[in-house]
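Data block below; observations after.
The values are calculated or read from the model by the stated rules, or taken from the named source; none is laboratory data. This structure is a prediction, so every number in the text was calculated from the model and none was measured. Methodologically, a virtual Cβ is constructed for each residue, glycine included, from the backbone with ideal geometry; neighbour enumeration extends over all protein chains shown. Keep in mind that these areas ignore ligands, DNA and RNA; they rest on the heavy atoms of the full protein, side chains included. Shrake-Rupley method; radii C 1.70, N 1.55, O 1.52, S 1.80 Å.
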Amino acid sequence: MWRRRRIIDEIEALEREIDRMFEEFLYGKPMWDPAVGCFEPLTHMEELEDKIIVTVDLPYVRREDIILDVTPDSLRIEARMERPIRYERWGTVQRRCEFKGFKKEVKLPSEVVPEASKAKFKHGYLIVELPKKATRHKIEVE
Amino acid sequence: MSESVGRGDELRIVEVKPLSGLRTCIIGLPDVGLVGLITANHLVNSLGLDEAGYLESKLLPPVIVVHNGEPKPPVRFFAQGGLAILTSEIPIPASVLSLLADEVLNWASAKGFELLVSVSGIAVPNRLEIDTPEVYGVASTEKARRILEDSKIPLLEEGFMVGPHAAILGESLKRKVDSIILLAQSHYQYPDPGAAASIINILNRLLSLNVEVKTLLEQAEEIRLKTREIMQRTYKAMQRMQKMQEQELPPMYV
């Protein structure tokens with residue numbers, strides 16, 4: 001049973017690494033989508049022993065306009081900007097574009113407890129703390 | 001069009017207008033928190049510096065930027081009076097940094113610059129708790145160190161430096177050229193106009209400039225929005241040059 005669990009863990013780790021490499025490969029993709037009028041925000045993830053901390057840069061956003069959706073293995077961020085940002089000739093598409101907010105789904109590297117997650121918003125930066133599902137326990141040394 | 005005394009094929013600075021009487025060169029390239037880039041942009045716009053040249057190299061990515069319908073190389077410099085500013089709209093690949101430093105120092109020597117000032121950020125984990133980032137200095141010579149002390153800029157006492165400013169400082173040390181690095185406390189992977197404002201306040205004192213930072217701070221959200229993509233690219237470039245080493249302590253007790 002333990003061995004099977006370990007193999008599954010290793011396969012999942014490999015899957016995450018492949019996802020990461022794939023994202024790296026796709027890194028050239030634009031950080032905006034004119035079809036839905038959304039930017040992709042800059043995001044940083046830090047994995048600690050007991051939790052995962054995700055920070056997100058959200059200019060032009062107010063705290064009350066942020067929607068967070070957490071599952072055990074993902075965090076979805078949607079945030080409306082206080083006013084739409086219009087560009088008369090946007091980038092390579094060279095046409096008028098309007099952006100209303102930010103959207104991003106972050107795949108988490110370990111399972112977390114969604115109900116115990118916390119978020120705060122300061123100076124336009126969102127900080128989400130996601131406690132990891134406990135899979136370790138301390139043992140005493142005799 | 002005149003050209004610098006560079007090494008030719010690999011990388012060279014090309015001047016597009018005659019330049020003379022230059023004394024100080026500020027170098028602000030994409031790095032931690034884009035502090036150098038944001039600082040350079042604000043200085044160029046506020047002081048109304050003219051475009052004076054660009055960096056040409058087959059080692060740089062094949063990128064041309066278009067501004068108001070006009071194609072331009074991404075690494076350019078601007079000048080007016082005794083001041084020149086070198087900046088870039090793309091991160092400089094790690095493999096090109098030593099050649100870049102070499103050419104900047106060749107050019108600085110040919111033009112008779114008295115002082116080089118590289119500006120950048122130094123990542124601090126508690127940046128969100130800091131209202132006005134501190135600025136630290138590093139100098140290549142005794143004379144440059146005195147310039148920092150006279151302007152009451154605290155010295156960076158311990159640490160590693162990695163990136164464009166480290167390459168420029170290394171080459172300055174080798175050639176005994178007066179060179180200063182100014183590092184503002186900054187976000188690591190988010191554009192940081194507040195850190196750039198701190199650098200500009202120090203430059204005002206150091207170089208007797210009179211550049212206001214109010215508009216820069218008012219435009220902070222717009223800058224953060226517009227520079228997301230170059231920040232992302234710069235972040236990848238920093239990872240490749242092992243930038244995280246800056247967060248470590250040097251091992252030697254000297």
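Of all residues in segment B:218-245, exactly one satisfies the criterion of being modelled with pLDDT under 80, surrounded by fewer than 20 Cβ atoms within 10 Å (Cβ to Cβ) and closer than 20 Å to B:Ala195 by Cα, namely B:Met244. Do we have B:Gln189 as in contact (Cβ under 8 Å) with a residue 40 or more places away in the chain and open to solvent by 10 Å² or more (accessible area, probe 1.4 Å) here? In short, yes. State whether the residues of segment B:197-209 include one that is within 12 Å of chain A (Cβ to nearest Cβ) and basic (Lys, Arg). Scanning segment B:197-209, I find no residue that is within 12 Å of chain A (Cβ to nearest Cβ) and basic (Lys, Arg), so the answer is no.
Go through (1) in contact with a Phe, Trp or Tyr (Cβ under 8 Å, 6 or more places away or on another chain); (2) of a type in the set (A, V, I, L, M, F, W, C); (3) under 18 Å from B:Thr24 (Cα atoms) and name the single condition B:Leu173 misses. With respect to (1) in contact with a Phe, Trp or Tyr (Cβ under 8 Å, 6 or more places away or on another chain); (2) of a type in the set (A, V, I, L, M, F, W, C); (3) under 18 Å from B:Thr24 (Cα atoms), B:Leu173 is out only on (1).
Only residues that are closer than 13 Å to A:Glu129 by Cα, modelled with pLDDT of 95 or more and either buried (at least 19 other Cβ atoms within 10 Å of the Cβ) or within 13 Å of another protein chain (Cβ to nearest Cβ) (or both) were counted in segment A:47-89, giving 7. Number of residues in segment B:145-186 that are of a type in the set (Gly, Ala, Ser), open to solvent by 30 Å² or more (accessible area, probe 1.4 Å) and touching a Leu at 6+ places or on another chain (Cβ under 9 Å): the value is 1.
Answer yes or no as to whether B:Glu212 is within 14 Å of another protein chain (Cβ to nearest Cβ), over 15 Å from B:Ile130 (Cβ atoms) and open to solvent by 50 Å² or more (accessible area, probe 1.4 Å). Judged against the criteria, B:Glu212 is not a match.
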